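See structure below.
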Amino acid sequence: MPRFPHTDPSSGRENTRREMSGSSQSGNDGSPRRLFLFDDNIRDVGGHFFELATLLSQGACQLGYEPILATHQAFADLDAIDPAIQCVPTFRTRRMIRWSLGVDGKSAQQRDIDGRPVGGTLLQNLRSRATDWMIAPAKSPSTMIRRWSEDFAGLLKSRPPRPCDSLLINTGDDFAMLAITRGLHLASIPHRQRVDVVFHFAIHDSQTLPPRQWARASAFAGQVNQCMQQLSHHDVRLHATTEALAGQLRQSGITEPINPIPYPTRQRPLATGSRLAPLRIVMAGLPRAEKGRQAIHDLLLQIHEPLLKTNQFRVSMQMPAERWQPMVPTSLHADFERAMQQTKQQGTNGDAYPSTTETPSTLEVMTENLTTADYHQWLDSADVGLFLYEPDRYVARCSGVLLEMMTRGIPVIVPDGCWLADKVRQSHGDIGLIYQDRGEIPARLSELLLRLNEIRSRCVEHAKEISQMHDAVNTLRQIGLDTARQKAVA
């Protein structure tokens, strides 16, 4: 949806959004257009923040851009970055989502671009400011905004963007918008700059906005709207990684158009799986509350006797080296420790993950610091992807792990009432099974055994479509960043 035409004061010519995105495909010196990517959450190799930034940067290269990736200052694995990507450790602070008004944040009211509470009554604002003084200085809203914006502006001053370049904030939210706005003011970019902000995290965790959360959602929108008003001299566009999230952002009262985009995932060959018993159930990602950490114990207890001990399935999961005991039934502690020891031995020997040799253990345990190559090799070995996710937390939030399974043609078992189930239902046939309650999972696994060949063949058919849709190049095109070598729109 286009904005109203903007008059360029230097030329007197009206530039629509389309004209802005197609103009000046390279610098005056013939150098390629640059795409600046920003994510303060990247501190090391691994994890979905790093994966997202890597995929978008590689997609930018394919489209003819020169990517510049700004990470947290702690990022030191520069040798792990593609040489075509210019990586600049930049930010002193991270996790801006901490002070979001969305479901993942703990802010209580709207703030201005300096982090000061402004959304309540005079008394409420004074109380909030007093509360802010009690927070550790490095984590206070005002300090986080100041540091982020100064670091953002510092990078832009050291590498001044040209009108033909674009800025992409990979992981945006309402609080990050405040820092982006302050940072752009500090950077004093003299021209109208293209800026794209991608939202990932939900405002609320239900299908419709509950009345008790209206005020909070309205404050969320208020923060974003005030930023967009202050940035009207730039070409700022907002994107969401699911249709449901785009709907939440609109419903909250954000006046700017919200563009749904596909979350990018790595292109991989179709997984072959083990094809032989025991089939490997992969639960990827470290256990977190929103990913059903508290349900792992009961699941293992439910499936141990009927499915694991009978050698029909083996569970392969990523777990921390410490504090795993509450998540594993006592009866399986010996199996778990044996699996941990085997994983350590494989790492010492430089072997692949997971082991290609058969083991009597009912469990496989992956380390919490898998390299990107090991992580993807592990997913390649899956026969089924199992998701214990809390559906409320994923009503509007996408799962990169689910997409990674789907692009490989791996059957999945997911909870109902969330984006994961919606994605499974969008296929042209069964590519997975959906449960209403976690107590149904043993039955779903047994059903999968009976229908394995049928479901696998449909997954393989669907994988190509998912891969094309969620390719990083397509994501960038949906954002509006088409090939940098195309002719400018007249």
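The values are calculated or read from the model by the stated rules, or taken from the named source; none is laboratory data. What you are looking at is a predicted structure, and each value in this text was computed from that prediction instead of being measured. Note that each Cβ is placed from the backbone with ideal geometry, even for glycine, and that neighbours are counted across all protein chains shown.
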### Task
Restricting attention to the range 221-250, report how many residues are more than 19 Å from Phe175 (Cβ to Cβ) and polar (S, T, N, Q).
2
### Task
Tell me which residues, restricted to the range 434-455, are part of a helix (DSSP H, G or I) and within 27 Å of the chain's Cα centre (by Cα).
Arg438, Ile441
### Query
Of all residues in the range 184-214, how many are at pLDDT 95 or above and either assigned to a helix (DSSP H, G or I) or among the acidic types (Asp, Glu) (or both)?
5
### Members of the range 77-95 found to be part of a loop (DSSP other than H, G, I, E, B) and either within 30 Å of Gln248 (Cβ to Cβ) or out of contact with any Pro (no Cβ under 7 Å at 6 or more places or on another chain) (or both), listed by number
Asp77, Ile81, Asp82, Pro83, Ala84, Arg92, Thr93, Arg94, Arg95
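Condition check ((1) surrounded by fewer than 20 Cβ atoms within 10 Å (Cβ to Cβ); (2) touching a residue at least 12 places away in the same chain (Cβ under 8 Å); (3) farther than 28 Å from Pro306 by Cβ) across all residues:
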{"site": "Gly385", "(1), (2), (3)": "no, yes, no"}
{"site": "Leu402", "(1), (2), (3)": "no, yes, no"}
{"site": "Cys418", "(1), (2), (3)": "no, yes, no"}
{"site": "Gln426", "(1), (2), (3)": "yes, no, yes"}
{"site": "Gln436", "(1), (2), (3)": "yes, yes, no"}
{"site": "Leu448", "(1), (2), (3)": "no, yes, no"}
### Task
Within the range 136-149, identify whether any single residue is without any contact (Cβ under 8 Å) to a residue 60 or more places away in the chain, farther than 22 Å from Ile203 by Cβ, touching a helix residue (DSSP H, G or I) at 6+ places or on another chain (Cβ under 6 Å) and surrounded by 21 or more Cβ atoms within 10 Å (Cβ to Cβ), and answer yes or no.
yes
### Message
Checking Arg98 against (1) part of a helix (DSSP H, G or I); (2) within 26 Å of the chain's Cα centre (by Cα); (3) at pLDDT below 90; (4) among the charged types (D, E, K, R), only one condition comes out false. Which one?
### Response
(3)
### Message
Any residue that is out of contact with any Gly (no Cβ under 8 Å at 6 or more places or on another chain), hydroxyl-bearing (Ser, Thr, Tyr), under 15 Å from Phe91 (Cα atoms) and surrounded by fewer than 24 Cβ atoms within 10 Å (Cβ to Cβ) - is there at least one of those in the range 154-165?
### Response
yes
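Give the residue that is surrounded by the most Cβ atoms within 10 Å (Cβ to Cβ), with candidates limited to residues of the range 111-135 that are closer than 17 Å to Ser218 by Cβ and at pLDDT 90 or above. Let's see the steps before the verdict.
Pass one, the range 111-135, residues closer than 17 Å to Ser218 by Cβ: 111-112, 117-121, 124-125, 128.
Adding the requirement that they be at pLDDT 90 or above leaves 111-112.
Values: Arg111: 27, Asp112: 18.
Looking at the filtered set, the residue picked out is Arg111.
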